[in-house]
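The values are calculated or read from the model by the stated rules, or taken from the named source; none is laboratory data. Here the structure is a predicted model, which is why all the values come from computation and not from measurement. Backbone-built Cβ (ideal geometry, glycine too); neighbour counts: all protein chains shown. Calculation scope for accessible area: heavy atoms of the full protein, side chains included, ligands and nucleic acids excluded. Shrake-Rupley method; radii C 1.70, N 1.55, O 1.52, S 1.80 Å.
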Amino acid sequence: MSTGVIIVLIVIVAAVLVVAAVFALRARGPQHGGSLKRRFGPEYDRAVVRHDGDTKAAERELSERVRRHGSLHTRPLEPAERERFEARWTAAQERFVDSPREAVGEADRLLAELAGARGYPDGAQYEEQLAALSVHHAHHVDGYRRVHRVTHAQAQTHTAGAGSGGAGTAAASDTEELREALVAARALFEQLVRPGRHDDGRPGTGARVAPAPAAASGPASAPGSTPASTPASEPAARAPHGWSLGKRRPKES
């Protein structure tokens, strides 16, 4: 083999190694602060706060999340599965007015089951499941964190103050906290249950969360309630669980 051919082969092999190294670095996910901040958005800021302002430590944590879960491939839901999850979410929303704590607890369990069904770590490994979700749904995962935190905090508070009295003064603020948590969680639910439309984790791709009415003449409005004057021309693509929380779905004609 001539010297020229050997040199050409060496050049080709070196080029192949360089290209392979570039793809390997890309596969490891973003390694620089700017890329991590763009990818994680509010999760980046939360990690920095958790590390007392140490951005390097926060970035190491987020990079590790990407390393562990960045290549995760989710499983699409079967139509029957999707319908069951949507029906359960609707039922939880309708239950909120009478039993807000139970409704939020059901939302917490439902998100854990739904994420597991999509291929994320099992709900029994909450921290690991949350970390994986944060890699792929960084702008909406906090809703899950909130219902989980509120559910457990409310359970502990309820147990500790069972016989102490004085719970009535906190009831209104507790209910509002529960309402806000459930509204926030709905965005992640929408992304997980309808992957074809909302599965890129970018801002603005989650559920349309309607604000509560400015005033109500009846019982307290539930999370995500919409005024009774909602036009009849509401888009047909709206999911069944989009009905106002705490209200019964009208019978199908």
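Restricting attention to the stretch 60-91 and to residues that are in contact (Cβ under 8 Å) with a residue 12 or more places away in the chain and basic (Lys, Arg), the residue that is most open to solvent (accessible area, probe 1.4 Å) turns out to be ARG67. For the stretch 99-116, filtering for residues that are farther than 18 Å from VAL193 by Cα and free of Cβ contacts under 8 Å to residues at least 40 places away in the same chain leaves 2.
Okay, residues lined up against (1) of a type outside the set (Val, Ile, Thr); (2) modelled with pLDDT under 85; (3) open to solvent by 80 Å² or more (accessible area, probe 1.4 Å):
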{"site": "HIS136", "(1), (2), (3)": "yes, no, no"}
{"site": "HIS139", "(1), (2), (3)": "yes, no, no"}
{"site": "ASP142", "(1), (2), (3)": "yes, no, no"}
{"site": "THR159", "(1), (2), (3)": "no, yes, yes"}
{"site": "ALA167", "(1), (2), (3)": "yes, yes, no"}
{"site": "SER173", "(1), (2), (3)": "yes, yes, no"}
{"site": "GLU176", "(1), (2), (3)": "yes, no, no"}
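For LEU72, the conditions (1) within 30 Å of ARG39 (Cα to Cα); (2) touching a Pro at 6+ places or on another chain (Cβ under 8 Å) are fulfilled apart from (2). Scanning the stretch 122-134 for residues that are without any contact (Cβ under 8 Å) to a residue 40 or more places away in the chain and either open to solvent by less than 40 Å² (accessible area, probe 1.4 Å) or among the charged types (D, E, K, R) (or both) returns ASP122, GLY123, TYR126, GLU127, GLU128, GLN129, LEU130. Report yes if GLY116 is assigned to a helix (DSSP H, G or I) and crowded, with 20+ Cβ neighbours inside 10 Å, otherwise no. Against the criterion (assigned to a helix (DSSP H, G or I) and crowded, with 20+ Cβ neighbours inside 10 Å), GLY116 does not qualify. Do we have GLU106 as within 16 Å of the chain's Cα centre (by Cα), modelled with pLDDT of 95 or more and surrounded by fewer than 16 Cβ atoms within 10 Å (Cβ to Cβ) here? So GLU106 fails the test.
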